[in-house]
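Worksheet: the structure to be examined is printed underneath.
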Amino acid sequence: MQNVIRKFSVFNKFLGLAGVAALLSACAAHVGRLETTPSGKIVERIYNDMGGHVATEYAAWQSRRARDNISHYVLDGNCASFCSFQALAAPDTCYTRSVRLGVHPASIAGLIETDETREFTRKLVARWPRGLQNWWAANRPSVLGRDLLYADLIKIIPERECTAELEAR
C-alpha cells in the first residue's frame with residue numbers, strides 16, 4: 001500500500017495541478033475526538049474529514065493511529081475522499097445515523113483518472129467491507145463522487161452500523 005501511495009505521490013509531483021490539490025488539501029481539516037469505550041477500546045469519532053492529498057493524508061492517519069493507539073473509528077459526520085478509503089479499511093470502523101460518506105475514485109486534482117489512479121482506487125476498494133465493494137462495482141461514481149448516508153449504508157453494510165455503545169456520545 002505504501003508503495004502505491006509513494007508512486008502516486010511521485011506521479012503527482014510531475015503535474016502542475018497536483019500542487020494546487022496539495023494546497024487545497026491543507027484547507028481540509030480533520031475533526032475528530034478520541035474516546036475510550038467502557039470495554040477499554042480507544043476510538044476516534046470522526047465528525048468532519050473532507051480528505052486531501054493522498055500521501056499527506058495517509059501519513060497523518062498512520063501517525064494518529066500509532067500515537068493515540070486507535071483501534072476503532074466511528075464515522076459520525078462527514079468522511080469523504082481519502083477518509084472514506086482509510087476509515088472503512090479498518091475492520092472495527094462503524095457509522096452512526098449522522099454519517100455522510102463521500103466516495104469517489106482516486107484522481108489527479110479531482111479531475112482526471114489515469115491508469116495509475118484507477119489501480120490505486122482498486123487497491124483501496126479491495127480493503128473495504130465486501131458489501132461496499134459490491135456496491136462500488138455496481139455503482140462506481142465519477143470523480144465528482146457520491147454521498148452515502150445512513151439509509152444507504154444500512155442497506156449496503158449493515159454489519160458496520162455502530163452499536164448502542166458507540167452510536168452517540
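Scanning segment 134-165 for residues that are in a helix (DSSP H, G or I) and touching a helix residue (DSSP H, G or I) at 6+ places or on another chain (Cβ under 6 Å) turns up Trp135, Trp136, Ile156. Of the residues making up segment 65-74, at least one is part of a helix (DSSP H, G or I) and among the aliphatic types (A, V, I, L, M).
In segment 89-111, of all residues being farther than 17 Å from Val31 by Cβ, out of contact with any helix residue (DSSP H, G or I) (no Cβ under 6 Å at 6 or more places or on another chain) and free of Cβ contacts under 8 Å to residues at least 60 places away in the same chain, the one that is surrounded by the most Cβ atoms within 10 Å (Cβ to Cβ) corresponds to His104. The single condition among (1) buried (at least 18 other Cβ atoms within 10 Å of the Cβ); (2) small (Gly, Ala, Ser); (3) closer than 20 Å to Leu124 by Cα; (4) modelled with pLDDT of 85 or more that Gly32 does not meet is (3).
Against the condition within 14 Å of Val54 (Cβ to Cβ) and surrounded by fewer than 16 Cβ atoms within 10 Å (Cβ to Cβ), how does Thr121 come out, does it pass?
Taking the combined requirement at face value, the residue does not satisfy it.
The residue pairs whose first member lies in segment 53-81 and is over 22 Å from Tyr95 (Cβ atoms), whose second member is of a type in the set (Val, Ile, Thr) and not in a strand (DSSP E or B), and whose beta carbons are closer than 7 Å, counting only pairs six or more residues apart or on different chains, are Val54/Ile5; Ala55/Ile5. Against the test of being within 16 Å of Tyr150 (Cα to Cα), touching a Phe, Trp or Tyr at 6+ places or on another chain (Cβ under 9 Å) and part of a helix (DSSP H, G or I), the options Ala55, Ala87 yield a single qualifying residue, Ala87.
Would you check if Arg67 is in contact with a strand residue (DSSP E or B) (Cβ under 7 Å, 6 or more places away or on another chain), among the charged types (D, E, K, R), modelled with pLDDT of 85 or more and on the phi < 0 side of the Ramachandran plot? No; evaluated as a whole, the condition is false for this residue. Would you confirm whether any residue within segment 1-16 is modelled with pLDDT of 80 or more and crowded, with 17+ Cβ neighbours inside 10 Å? No, segment 1-16 contains no residue that is modelled with pLDDT of 80 or more and crowded, with 17+ Cβ neighbours inside 10 Å. From the list Glu113, Glu119, Glu57, pick out the single residue that is within 10 Å of the chain's Cα centre (by Cα), farther than 20 Å from Lys155 by Cβ and acidic (Asp, Glu). Among Glu113, Glu119, Glu57, only Glu57 is within 10 Å of the chain's Cα centre (by Cα), farther than 20 Å from Lys155 by Cβ and acidic (Asp, Glu). For segment 36-60, enumerate the residues that are exposed (fewer than 15 other Cβ atoms within 10 Å of the Cβ) and within 17 Å of Asp76 (Cβ to Cβ). Listed by number, the residues that qualify are Thr36, Ile42.
Please go through segment 93-104 and pick out each residue that is of a type outside the set (Gly, Ala, Ser) and either more than 24 Å from Arg45 (Cα to Cα) or in a strand (DSSP E or B) (or both). Even if it seems obvious, please write down each step before you answer.
Our first condition is that a residue be of a type outside the set (Gly, Ala, Ser); within segment 93-104, this holds for 93-97, 99-101, 103-104.
Residues satisfying the conditions are Cys94, Tyr95, Arg100, Leu101, Val103.
The values are calculated or read from the model by the stated rules, or taken from the named source; none is laboratory data. This is a predicted model, so every value here is computed, not measured. Positions of Cβ are generated from backbone atoms using ideal geometry, with glycine treated the same way; all protein chains shown enter the neighbour counts.
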